[in-house]
Amino acid sequence: MHRLVNSAISRAEFASLLVRAMGISEDNTSRFPDVKSTDWFAGAVNAAAKAGFVDGTFRPNANITSEQMAVMITHAMSFAGKKTNADARGLSVFTDSPFFSSWAKDVVAQSVSAGVIYGRTATTFSL
């Protein structure tokens, strides 16, 4: 399957890409009630959870948001030993920053500060 640059990507697809890019072995230990062991992404999603990239309810087929992507990337950077120091005040350049989820603000700021993820424009993050 080929995707266009601006097309949506599911949470399962992104978790799979991230786990594979980091060379993490897949894990068949079920961690989410909405991820079946027979799902093509199960091993990667469970490995992402074990590594601390994701938690809570997974919702594998939901489109991933920019803020969820940034959180997963920042957790992956931490897993790899890359620490960044930033706080939510750095997000004030984005006009949509008041709409960030409270649980994501500091972590998203870390990924932006590290230059790993950018906004859609210089002033819009586009959650």
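The numbers here are math on the coordinates, done by the rules we state, and not lab data. Here the structure is a predicted model, which means the values were calculated and not measured. Note that each Cβ is placed from the backbone with ideal geometry, even for glycine, and that neighbours are counted across all protein chains shown.
Observations, loosely collected:
- Normalising the average separation of contacting C-alpha pairs (under 8 angstrom, six or more residues apart) by the number of residues puts the relative contact order of the range 65-127 at 46 percent.
- Folded to 0 to 90 degrees: helix 11-21 orientation relative to the chain principal axis, Cα: 90 degrees
- Label point distance in nm, residue 39-residue 116, each placed 7 Å from Cα along Cα→Cβ: 2.2 nm
- For the range 57-127: rounded, prolate or oblate by the Cα gyration tensor [a/c cutoff 1.5]: oblate
- Taking all Cα pairs closer than 8 Å and separated by 6 or more residues, the relative contact order of the chain comes to 22 percent.
- Around residue 116: net Lys/Arg minus Asp/Glu count, Cβ-Cβ under 14 Å: +1
- The chain - Debye-derived log10 I(q)/I(0), Cα point model, q = 0.13 Å⁻¹: -0.53
- Separation between Cα centres of the range 53-127 and the range 28-46, rounded to whole Å: 24 Å
- A cut-off of 5 Å between modelled amide H atoms, ignoring neighbours fewer than 5 places along the same chain, links residue 10 with 64.
- Given +1 at the Cβ of Lys and Arg, -1 at the Cβ of Asp and Glu and no other charges, the dipole of the range 1-119 around its Cα centre is 140 debye to the nearest 20.
- From phi via Karplus (6.51, -1.76, 1.60), per-residue ³J(HN,Hα) for the range 40-53 in Hz, x at Gly/Pro: 4, 9, 4, x, 6, 5, 5, 5, 4, 5, 4, 7, x, 6
- Per-pair calculated FRET efficiency, R0 = 25 Å: residue 26 and residue 82 via Cβ, rounded to 0.05: 0.65
- For residue 106, neighbours were defined as the other residues whose beta-carbon sits under 15 Å from its Cβ, and their charges (Lys and Arg +1, Asp and Glu -1) total +1.
- Computed FRET value (nearest 0.05) for residue 17 with residue 95, which takes r as the C-beta separation and R₀ as 22 Å: 0.15
- Here the label points at residue 65 and residue 123, each 7 Å from Cα along the C-beta direction, are separated by 2.3 nm in the simple model.
- Global geometry of the range 82-122, whether rounded, prolate or oblate, following the gyration tensor of its Cα atoms and the 1.5 cut on a/c: oblate
- For the chain, lysine pairs separated by 8 or more sequence positions, or belonging to different chains, with Cα-Cα distances below 21 Å total 5.
- Nearest 10 degrees, 0 to 90: helix 66-79 Cα axis against the chain principal axis: 70 degrees
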